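The values are calculated or read from the model by the stated rules, or taken from the named source; none is laboratory data. Small disclaimer: the values here were computed from a predicted structure and weren't measured. With ideal geometry, Cβ positions are generated from the backbone for all residues, glycine too; neighbour counts draw on all protein chains shown.
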Amino acid sequence: MSFLGYARPDGSVGIRNHVLVLPWGFLSSKICDLVDGTKTFLTPDYGGGRTSRDRETIARTLIGLGRNPNVASVIVQSLYPSAGYPELTPVRIAEEIARSGKRVELIDAVEEGSTLRTLEKGVQVAREMVLEASRIRREPLEMSHLALGVKCGHSDTTSGIAGNPVIGNLFDRIVEAGGTAFFGETTEIIGAEHVLAKRGRNEEVSRRILEVAAETETIAKATGEDIRTVNPVPSNIAGGISSLEEKSLGAILKSGSAPIRGVLTYGERPKGKGLYFVDNWMSMVSIFAGYAAAGAQLVIFQLGGGGLSGHDLLHTSTAGVAPLMWTTANPKTLDMAPTTIDFYSGTVIEGEDTIEEAGEKLLRVILDIASGTMTKVETIRHTDPAQIYLRDPCF
């Protein structure tokens, strides 16, 4: 099976064709306001007061977003507070992104002489880049070029019974075809980490899965809290989940059954294709940007929703360059948010489909989206701000 995508100079394939402006701030936002076809990345995590390790994580995220296959070309502008840190210099970010072979332009506010002149230059360059990108045509490409990320959220009883297993079936199909799949949420493997570790492709991967789960528990205990008093969250409990172990056993089903090739840090790009566990935070304001920085062209939110009511969940992607797709197996969630949900797997519970049949249907929807069909929330011209997953205190 194939899809229609954009071939990039480094051999990767995009399912979208954006011009990205980095980092965030006044210049980036105004360029994107004025030039159609552009994107930027919104986050409060600019690097001030952060350790060198956290600044490196910010840099890795920015560079990874610039190298994402959905990006045709990149503008790096220098008018942002963290530009003086060695990890976050505009030159470093531009040079690292340029290694992918795509066009990267550095715009220096000091060189231009004023913010408004820099804005004028940025708009001119962005318009050139958008015109260049518009000349790139989609072409038929194999599924081996796909890279997807997933999180599950507001988990309920339908999540573990159908929603996550159907995503897992999809991931098995992507990996079997030679593609790449990312799953994570370290807090939501606790209690089931021993099950997940058995799928490590070697002893090192298995050991690392157990280590990151233990590290997360240790950090929680250092605050004086037992993580099991925080998780499951109230919506999980309202949706019928009684313990963190129960939640984790359902959550890991979204990874499918393939061997786990490696454990990645937030925003880390894999060295090969296959299935990867990412040591990251469970929140959607953080997780999707990390997947996109690692190379995911599309991110999936598998929603339970048993504990939610009264709103239609119009949340857009925090990844900016990677569209967000919503799935659910809960019929009440589907009725509550029909303008958000792209795929319904509750047909498994209703007896209409097996997990394998629903997985086949989901794959066809994925290939359609990869070929250019928008996700429902992608039709909204808004990007929710992201929070980069930083591990150290802010000083």
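In region 60-84, the residue that is surrounded by the fewest Cβ atoms within 10 Å (Cβ to Cβ) out of those that are in a helix (DSSP H, G or I) and modelled with pLDDT of 95 or more is ARG60.
Does LEU298 qualify as being under 13 Å from VAL150 (Cα atoms), over 13 Å from the mean Cα position of the chain (by Cα) and assigned by TED's automatic domain parsing to the domain that holds ARG207? Give the steps one after another, and end with the answer.
On the way: under 13 Å from VAL150 (Cα atoms): yes; over 13 Å from the mean Cα position of the chain (by Cα): no; assigned by TED's automatic domain parsing to the domain that holds ARG207: yes.
No; evaluated as a whole, the condition is false for this residue.
Suppose we filter region 314-357 for residues that are outside any loop (DSSP other than H, G, I, E, B) and farther than 30 Å from ASN17 by Cβ; how many remain?
Within region 314-357, the subset outside any loop (DSSP other than H, G, I, E, B) is 324-328, 331-336, 341-344, 355-357.
Those left that are additionally farther than 30 Å from ASN17 by Cβ: 331-336, 355-357.
The total comes to 9.
Taking (1) within 30 Å of ALA177 (Cα to Cα); (2) of a type in the set (Val, Ile, Thr); (3) assigned to a loop (DSSP other than H, G, I, E, B) in turn, ILE241 satisfies each apart from (1). When the test is whether a residue is in contact (Cβ under 8 Å) with a residue 12 or more places away in the chain, over 15 Å from VAL321 (Cα atoms) and not aromatic (Phe, Trp, Tyr), GLY14 does not pass it.
Determine whether region 102-109 contains at least one residue that is in contact with a Leu (Cβ under 8 Å, 6 or more places away or on another chain) and either buried (at least 16 other Cβ atoms within 10 Å of the Cβ) or not aromatic (Phe, Trp, Tyr) (or both). Scanning region 102-109 turns up at least one residue that is in contact with a Leu (Cβ under 8 Å, 6 or more places away or on another chain) and either buried (at least 16 other Cβ atoms within 10 Å of the Cβ) or not aromatic (Phe, Trp, Tyr) (or both).
For region 159-204, filtered to residues that are modelled with pLDDT of 95 or more and either among the hydroxyl-bearing types (Ser, Thr, Tyr) or not assigned by TED's automatic domain parsing to the domain that holds ILE227 (or both), the residue that is nearest to TYR344 (Cα to Cα) is SER159.
From the list TYR46, TYR6, exactly one residue is surrounded by fewer than 24 Cβ atoms within 10 Å (Cβ to Cβ), within 20 Å of GLY295 (Cα to Cα) and among the aromatic types (Phe, Trp, Tyr). Which is it? If you could, list the steps in order and put the result at the bottom.
Numbers: TYR46 fails: within 20 Å of GLY295 (Cα to Cα).
Being surrounded by fewer than 24 Cβ atoms within 10 Å (Cβ to Cβ), within 20 Å of GLY295 (Cα to Cα) and among the aromatic types (Phe, Trp, Tyr) holds for just one of TYR46, TYR6, which is TYR6.
One line per residue, one yes/no per condition, for (1) aromatic (Phe, Trp, Tyr); (2) touching a residue at least 40 places away in the same chain (Cβ under 8 Å); (3) outside any loop (DSSP other than H, G, I, E, B):
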residue	(1), (2), (3)
VAL150	no, yes, yes
ILE161	no, yes, yes
ARG173	no, yes, yes
GLY178	no, yes, no
PHE182	yes, yes, yes
THR187	no, yes, yes
ARG207	no, no, yes
ALA214	no, no, yes
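Among ALA258, ALA294, which is closer than 20 Å to VAL166 by Cα, touching a residue at least 40 places away in the same chain (Cβ under 8 Å), crowded, with 16+ Cβ neighbours inside 10 Å and touching a strand residue (DSSP E or B) at 6+ places or on another chain (Cβ under 8 Å)? Answer to the check: ALA258. Kindly establish whether THR328 is more than 15 Å from the chain's Cα centre (by Cα), of a type outside the set (Gly, Ala, Ser) and in the same structural domain as VAL205 (by TED's automatic domain parsing). Criteria met by THR328. Return the total of residues in region 333-354 being surrounded by fewer than 16 Cβ atoms within 10 Å (Cβ to Cβ) and either at negative phi or within 21 Å of the chain's Cα centre (by Cα) (or both). Here the count works out to 6.
If I ask for residues that are part of a helix (DSSP H, G or I) and either at pLDDT below 90 or of a type outside the set (Lys, Arg) (or both), which ones from region 248-280 would you list? The answer is SER248, LEU249, GLY250, ALA251, ILE252, LEU253, SER255.
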